[in-house]
Amino acid sequence: MYRLLVVDDEETIQITLRRLLEDEGYEVEAVGDADAALKLLSGKVFHSVISDIMMPRKSGVDLIKEMREKKFNQPVILLTGYPDIDTAQQAVKNNAFDYLTKPIDKSRLITVIHSAVKQFESEVESELLFERNKKYREDLEKLVIDKVRKLQESESKFKNVIEQSLVGVFISQDSKIRYANQKFFEIFGYSRDDIIDQESFTDLLLESDRGRVSAIDDKLENTDTNYLHYTATGKTRNDKEVELEVWESGILYEGKLAIQGLILDITERKEYQNKEKDLQLKIMHEHKLASIGQLATGIAHNLNTPISVILGNAELLQLKYPNSPELEKIIRQAERMSGIIQGLLNKSKQEQVQKPQLIDLNLLITSELEFFRSNLDFKHNVEKAFSFDDKIPPIYAVYSDFSQSIMN
């Protein structure tokens with residue numbers, strides 16, 4: 001369960017926000033000033049902070065400054081009953097997640113908190129992935145340095161150390177692999193008889209990488225370069241692609257120039273990096289969708305009033321001129337516009353609910369396809385036929401999952 005911290009010097013605001021947010025499934029704690037909030041943050045993990053700006057002793061902006069100094073990275077949503085340019089500028093300058101004015105719109109607050117919590121959760125996971133990758137690289141560098149040092153100690157210990165290595169090791173000479181350790185064979189899935197004196201290292205790579213790696217080997221053999229580091233994609237015996245990190249250096253092997261290589265399978269590390277990128281894109285996408293939904297809802301609310309006025313006056317005129325076909329058209333179109341607006345508001349509300357609920361599939365399909373009437377191609381060139389079974393029971397699911405499926 002996500003935990004939120006409410007900071008406000010008015011007890012009534014604390015109680016109101018606590019009840020509202022607990023009804024949305026959050027665990028909520030509330031305090032009356034910034035110092036109490038900092039003390040709580042030192043002992044517990046909170047996913048977001050909702051703070052009033054104007055408080056005695058220390059303001060909400062002061063709270064953000066001290067949080068960042070103490071390395072508390074939770075997103076802070078600032079609330080104020082006296083909005084002005086200075087406070088807004090201070091909020092932006094101190095990296096407040098959002099800035100809301102009182103009285104607070106419930107749906108707007110819930111949307112902002114949901115985005116803040118998701119961003120914090122994703123940032124924490126990204127940080128863990130980063131630290132894990134960092135440690136992985138550090139351990140790898142220590143491992144490589146250690147193994148190279150051991151190789152240089154004495155020739156008698158060479159094979160014993162290399163055979164037990166966690167890094168793949170090979171020696172290439174005259175475009176053939178003359179030696180490889182057990183880890184090397186495990187990475188590619190081949191036996192010694194398949195590889196030794198039969199294949200070159202480049203034969204085990206994707207064709208697109210072979211020319212580049214051959215040029216690297218030529219540079220080691222024909223110049224004064226002693227050490228090269230690169231990445232490439234290998235291909236196993238079962239045609240599985242593996243991402244490789246390779247270190248190569250020139251050595252003498254049995255009295256002749258050769259290339260000694262260390263290889264590491266970094267496929268898992270690549271997957272971590274891709275996952276981190278996906279998390280960042282997900283954060284951006286969710287924030288964008290939330291902003292679009294808020295804009296659409298605001299427009300729909302603003303259109304409701306003039307439509308109601310038009311419809312009301314048209315109905316009054318119809319009482320005076322009951323046989324007017326023009327008034328009938330006005331009323332019919334105004335009612336249709338009102339229905340579209342109400343449908344948009346209902347859709348926006350449903351899209352914000354991320355918890356499972358009972359859904360009528362027939363009604364959901366009808367409502368979602370109604371939004372495509374504004375698409376001229378769908379409206380004029382697509383033949384629609386609806387055939388619903390009224391015995392289908394409601395399903396228990398997240399509305400936005402199914403509405404997105406139908407839209408796709």
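The values are calculated or read from the model by the stated rules, or taken from the named source; none is laboratory data. What you are looking at is a predicted structure, and each value in this text was computed from that prediction instead of being measured. A quick note on method: Cβ atoms are made from the backbone with ideal geometry, for glycine too, and the neighbour counts reach across all protein chains shown. Heavy atoms of the whole protein, side chains included, go into the accessibility calculation; ligands, DNA and RNA do not. Shrake-Rupley method; radii C 1.70, N 1.55, O 1.52, S 1.80 Å.
Using packing as a proxy for protection, rank 395-404, 51-60, 217-226 so that the peptide with the highest average count of other Cβ atoms within 10 Å comes first. If you can, show how the numbers build up before the last one.
Numbers: 395-404: 14.5, 51-60: 18.7, 217-226: 12.8.
Listed from highest to lowest mean packing, they are 51-60, 395-404, 217-226.
Rounded, prolate or oblate: pick one for segment 137-252, where a ≥ b ≥ c are the square roots of the eigenvalues of its C-alpha gyration tensor, a/c under 1.5 means rounded, and failing that, prolate if a/b is larger than b/c, else oblate. Cα axes put segment 137-252 in the rounded bin. Listed by chain and number, the lysines whose C-alpha is less than 16 Å from the C-alpha of LYS71, apart from same-chain residues fewer than 8 away, are LYS39, LYS44.
Using alpha carbons only, how many degrees (0 to 90, rounded to 10) separate the axis of helix 34-43 from the longest principal axis of the chain? Orientation of helix 34-43: about 40 degrees from the principal axis.
Given a 1.4 angstrom probe, what's the average accessible area per residue across the chain, in square angstrom? Could the numbers behind the result be given before it?
Numbers: 24980 Å² over 408 residues.
Ligands and nucleic acids excluded, the result is 61 Å² per residue.
Once the convex hull of all Cα atoms in segment 27-66 is built, its volume per residue stands at 69 Å³.
For the chain, the relative contact order comes to 8 percent (Cα pairs under 8 Å, sequence separation of at least 6).
Selection among TYR136, HIS229, ILE395 by position relative to the dipole of the chain gives ILE395 as farthest towards the positive end (Cβ unit charges, Cα centre). Residue separation of GLU186 and ASP139 scaled by 0.36 nm, minus their Cα-Cα distance, works out to 14.9 nm of gained length. Each of VAL92 and LYS240 was given a label point 7 Å from its Cα along the Cα-to-Cβ line. The distance between the two points is 5.2 nm. Nearest 10 degrees, 0 to 90: what angle lies between the long axis of helix 325-352 and the longest principal axis of the chain (Cα atoms)? That works out to roughly 40 degrees. When the chain is treated as a GNM with alpha-carbon contacts under 10 Å, the residue of ARG137, ARG108, ARG336 showing the greatest mean-square fluctuation is ARG336.
Rg and Dmax of segment 1-113, both derived from C-alpha coordinates alone, stand at 12.7, 36 Å.
Largest first, how would LYS71, LYS277 line up by accessible area (1.4 Å probe)? Please report the intermediate quantities before stating the final value.
On the way: LYS71 155, LYS277 120 Å².
So the residues, ranked largest to smallest area, are LYS71, LYS277.
With viscosity 0.890 mPa s and temperature 25 °C, the Kirkwood radius over alpha carbon pairs of segment 309-364 converts through Stokes-Einstein to a diffusion coefficient of 180 µm²/s. Charge dipole of the chain (Cα centre as origin; +1 on each Lys and Arg Cβ, -1 on each Asp and Glu Cβ, all else neutral): 540 debye, rounded to the nearest 20.
For semi-axes √(5λ) of the Cα gyration tensor in Å, one of [x] 63, 34, 18; [y] 33, 29, 24; [z] 36, 22, 20 was computed from the structure I shared and the rest are decoys. Which label? Working out semi-axes √(5λ) of the Cα gyration tensor in Å from the coordinates points to [x]. Between VAL45 and LEU257, the simple label model (points 7 Å from Cα in the Cβ direction) yields a spacing of 5.6 nm. Rounded to the nearest 10 degrees, the inclination of helix 207-222 to the longest alpha-carbon principal axis of the chain is 40 degrees. Basic side chains Lys and Arg get +1 at the Cβ, acidic Asp and Glu get -1 at the Cβ, and with that the dipole of segment 327-408 about its Cα centre reaches some 240 debye.
Annotation: amide H of VAL28 within the under-5 Å range of LEU4, sequence separation 5 or more or interchain, hydrogens built in the peptide plane.
Under a Cβ-only charge scheme (Lys and Arg +1, Asp and Glu -1), can you give me the dipole magnitude of segment 1-85 about the Cα centre, in debye to the nearest 20? Write out the running numbers ahead of the final one.
Values: 11 positive and 16 negative charges, 95 e Å.
Dipole about the Cα centre, nearest 20: 460 debye.
Within the listed set GLU243, GLU207, GLU383, the residue fluctuating most in the Gaussian network model of the chain (springs between alpha-carbon atoms under 10 angstrom) is GLU383.
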